[in-house]
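Input: a single structure, listed below in structure tokens.
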Amino acid sequence: GGGTGSGFTSLLMERLSVDYGKKSKLEFAIYPAPQVATAVVEPYNSILTTHTTLEHSDCAFMVDNEAIYDICRRNLDIERPTYTNLNRLIGQIVSSITASLRFDGALNVDLTEFQTNLVPYPRIHFPLVTYAPVISAEKAYHEQLSVAEITNACFEPANQMVKCDPRHGKYIATIKTKRSIQFVDWCPTGFKVGINYQPPTVVPGGDLAKVSRAVCMLSNTTAIAEAWARLDHKFDLMYAKRAFVHWYVGEGMEEGEFTEAREDLAALEKDYEEVGVDSAEAEEGDGEEY
């Protein structure tokens, strides 16, 4: 949402694509929320950076500040979470996703495997991240955290890093433990598990309890399109009035770049919609047309 993070990252990703075209690029993208907004133009920055980095990133783990904010309030009993609280939780997720690169384990998962297993089409590269347990030190003493419990917790919207309802979307690739979860029919829906021997490390004196095991689930679900719809709506409200656009134009941008970015995001929403349509449904539709 900030100008430096979004603008500089876009430029950096473009340069990396030019200089290291064959290398896989994975990013952690933090999206803004009204609760902890630092700039009124955050929706503009988010849309512009998503548009610019879309073709330069192979896999982007989305983190929505609003979801993180709610997790801190609900699970960690922090009344008014600060950026420090949010960043510590995000740090825990980054640590968990990259653990298999840094530590030994029974089933190690390479970063390129995330891309291979989670990205069915180049543009559909935004896996939903879920982490459990997110629990404060006070609560950790009373709660039994079995493997089954933390696995089930990964399917709860309350533990997601992006606010969306996976029950309304379809999973493209994830863990298949509950019959209530809908999967697309055009993709093998097995699941890949990486087991790491290193227990989760927490910041001393931080908000999170030290636990012996934690699970981080990455799933590609069409429900994440809800997040794009929300972001696009905020962009539209301001752009309809051309509010604050003059600041960008004054820095050398053109108004057409806003329209182009917005159209790209509309196309991304449409891409997700089409992926969610089962191939069988699509075939039926074709039959009716003739």
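All of the numbers you see were taken from the coordinates with simple rules; none came from a lab. Predicted model, so just to flag it, every value in this text is computed and none were measured. Note that each Cβ is placed from the backbone with ideal geometry, even for glycine, and that neighbours are counted across all protein chains shown.
Which links in Lys163/Lys234; Lys139/Lys192; Lys22/Lys234 stretch past 25 Å when you go from one Cα to the other? Provide the component values of the computation, followed by the final result.
On the way: Lys163/Lys234 15 Å; Lys139/Lys192 30 Å; Lys22/Lys234 35 Å.
Too far apart for the 25 Å limit: Lys139/Lys192; Lys22/Lys234.
Please list 3J(HN,Hα) in residue order for the stretch 195-210, calculated via the Karplus relation 6.51 cos²θ - 1.76 cosθ + 1.60 where θ = phi - 60°; whole Hz, with x for glycine and proline.
Values, residue by residue: 10, 10, 7, 7, x, x, 9, 10, 5, x, x, x, 7, 8, 6, 7 Hz.
Can you put Tyr20, Tyr44 in order of Cβ neighbours within 10 angstrom, beginning with the fewest? Write out the running numbers ahead of the final one.
On the way: Tyr20 10, Tyr44 25.
Final ranking by Cβ density, sparse to dense: Tyr20, Tyr44.
Using +1 at the Cβ of each Lys and Arg and -1 at the Cβ of each Asp and Glu in the chain, identify which of Ala106, Gly205, Ala148 lies farthest towards the dipole's positive end.
Farthest towards the positive pole: Gly205.
Do any chymotrypsin sites (Phe, Trp or Tyr not before Pro) in the stretch 91-149 lie in a loop, going by DSSP, with at most 10 other beta-carbon atoms within 10 Å of their beta carbon, and if so which? Walk me through the intermediate numbers first.
Values: sites: Phe103, Phe114, Tyr131, Tyr141; in loops: Phe103, Tyr141.
Sparse-neighbourhood loop chymotrypsin sites (Phe, Trp or Tyr not before Pro): Tyr141.
To the nearest 20 debye, what is the magnitude of the charge dipole of the chain about its Cα centre, counting +1 on the Cβ of each Lys and Arg and -1 on the Cβ of each Asp and Glu? Kindly include the intermediate steps, with their values, before the conclusion.
Details: 26 positive and 42 negative charges, 300 e Å.
Dipole about the Cα centre, nearest 20: 1440 debye.
List the longest stretch of the chain that has no exposed loop site; here a site is one of the GluC sites (Glu not before Pro) assigned by DSSP to anything other than H, G, I, E or B, with at most 16 other Cβ within 10 Å. Spell out each step's value before the answer.
Values: sites that count: Glu55, Glu79, Glu143, Glu251, Glu254.
Excluding the exposed sites themselves, the longest stretch runs over 144-250.
What FRET efficiency would be calculated for the residue pair Tyr83, Val277, taking the C-beta separation as r and a Förster radius of 30 Å, to the nearest 0.05?
Working: r = 39 Å, r/R0 = 1.31.
In this case the efficiency is close to 0.15.
With label points built 7 Å along Cα→Cβ from the Cα atoms of Thr201 and Ala39, find their separation and express it in nm.
3.2 nm
What FRET efficiency would be calculated for the residue pair Asp110, Leu16, taking the C-beta separation as r and a Förster radius of 30 Å, to the nearest 0.05?
Details: r = 19 Å, r/R0 = 0.64.
For Asp110 and Leu16, the calculated efficiency is 0.95.
Show the residues, 5+ positions off or on another chain, whose built amide H is closer than 5 Å to the amide H of Gly169.
So Gly169 has HN proximity to Ala223.
Output the direction-averaged projected area (hull surface divided by four) of the convex hull of the alpha-carbon atoms of the stretch 43-154, in nm².
Details: hull surface 36.3 nm².
The Cα convex hull of the stretch 43-154, projected and averaged over all directions, gives 9.1 nm².
Report the convex hull volume per residue for the chain, counting only C-alpha atoms, in Å³. Show your work: numbers first, answer last.
Values: hull volume 45.9 nm³, N = 290.
About 158 Å³ per residue, rounded to a whole number.
I'd like the distance between the alpha-carbon centres of the stretch 90-105 and the stretch 1-79, rounded to an integer number of Å.
When both Cα centres are located, 19 Å separates them.
What distance in nm lies between label points placed 7 Å from Cα along the C-beta direction at Arg74 and Met253?
Distance between label points: 3.3 nm.
How would you rank Ser17, Ser219, Ser100, Ser146, going from fewest to most other Cβ atoms within 10 Å of each one's own Cβ? Mind showing how you got there, number by number?
Values: Ser17 15, Ser219 23, Ser100 19, Ser146 9.
Ascending number of Cβ neighbours within 10 Å: Ser146, Ser17, Ser100, Ser219.
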